[in-house]
1. Taking a quarter of the surface of the Cα convex hull of region 180-223, what do you get in nm²?
2. Per residue of region 30-46, in order, report the coupling 6.51 cos²θ - 1.76 cosθ + 1.60 (Karplus, θ = phi - 60°) as ³J(HN,Hα) in whole Hz, putting x for Gly and Pro.
3. Suppose each label sits 7 Å from its Cα in the direction of the beta carbon; what would the N145-E87 distance come out to in nanometres?
4. Do you know the relative contact order of region 170-305, to the nearest whole percent, from alpha carbon pairs under 8 angstrom that are 6+ apart?
5. Within 10 Å of each residue's Cβ, count the other Cβ atoms and sort V249, V231 from fewest upward.
6. Subtract the Cα-Cα distance of E2 and L300 from 0.36 nm times their separation in residues, and report this length gain in nm to one decimal.
7. Dividing the Cα convex hull volume of region 81-170 by residue count, how many Å³ per residue is that?
8. Using Cα springs under 10 Å in a Gaussian network model of the chain, which residue among N211, N198, N34 shows the largest mean-square fluctuation?
Amino acid sequence: MEELLEKILAACEPFVRQGKLADYIPELTKADPNDLGICIQSSDGRMRHAGDYHKCFTIQSIVKPILLLQALMDNGIASVRQKVGVEATGKPFDGINYTEQALLSDHINPMVNMGAIAICTMIQGRTYQEKFQRLLSLTKRLACNPDLSVNEAVYLSEKRTGNKNRALAYLLKTYGMIEDDVEQVLDCYFRACSIQVNCSDLANIGFTLANHGRLPISGERIFPSEYGSYVNAILMTCGMYDGSGEFAVNVGVPAKSGVGGGIMAVVPTRMGIGIFSPALDEKGNSVAGIQVLKQLSQKLYLSIF
Ligand code: GLN
């Protein structure tokens, strides 16, 4: 398996030159665009890896399924569904799905920014610090890594420049979809996006989603099976934003990308995959990362379709 991973990385390495680092969060331009790494956590309990798998990067949008899980664990499916819809937006991650002069819960999805910002308000906790700490604890458990922390430089960089997200959050507030102080909600969202991870953290998170809440190795169940189905279905239809259809055809598994260059893929019952390659396409998805997943899916028959 390691040999196969090395071969696929070598074949996909040229694709890094087709991508570009995200620069709307200035701190992200410090990444090395040539990095490419992968980890796979399989149901035999082994972690396989290749390339720059040990490099750290910020989780960015890959925190969205974790935000959703935390909201489901705190409120149940019915309340979450009432506040944030499940239809694929077919729009960029920071898009506005606004029709007929109204913004309704069905217009937002937990895998794009507006929905994820709304989801932050559903995490239990007396203060936004407490809400964030609960989210960080869940992320540590899912990643099987008690040492995860926030990359302060990336957090401050996005907090300073994240005016599009500010606009999205104020729109949610205008339409009564969030009640709390906008800056506090955004602070929680920016911190969540800035949690620093590596490929093995993403592989472990993906594995637990692939196994409906059971952690790798210990097999301990940390969320009910139906929450896994709910999250994976939304990842399948919207996890790669407006590239989700193409990804479903070419790779065929639930996945989530982030502008830090990470992709987490969920191969139901079989494996969790974590990939890092920060050169992105125009949709904000890792170019080489998608190619690696495409080849891996062909070789190992990963598609669920
Ligand atoms: N923090 C980023 C943002 O809100 C996350 C986007 C992403 O990873 N696609 O813009």
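1. Seen from a random direction, the Cα hull of region 180-223 projects 4.2 nm² on average.
2. For region 30-46, the Karplus-derived couplings read 7, 5, 8, x, 8, 5, 8, x, 8, 10, 10, 9, 9, 6, 7, x, 9 Hz, x marking Gly and Pro.
3. According to this spin-label approximation, the distance is 3.7 nm.
4. 22 percent
5. V249, V231
6. Answer, rounded to one decimal: 106.0 nm.
7. 131 Å³
8. Comparing N211, N198, N34 in the GNM, the peak value goes to N34.
All of the numbers you see were taken from the coordinates with simple rules; none came from a lab. Note that the structure is predicted; figures quoted are calculated from it, not measured. Positions of Cβ are generated from backbone atoms using ideal geometry, with glycine treated the same way; all protein chains shown enter the neighbour counts.
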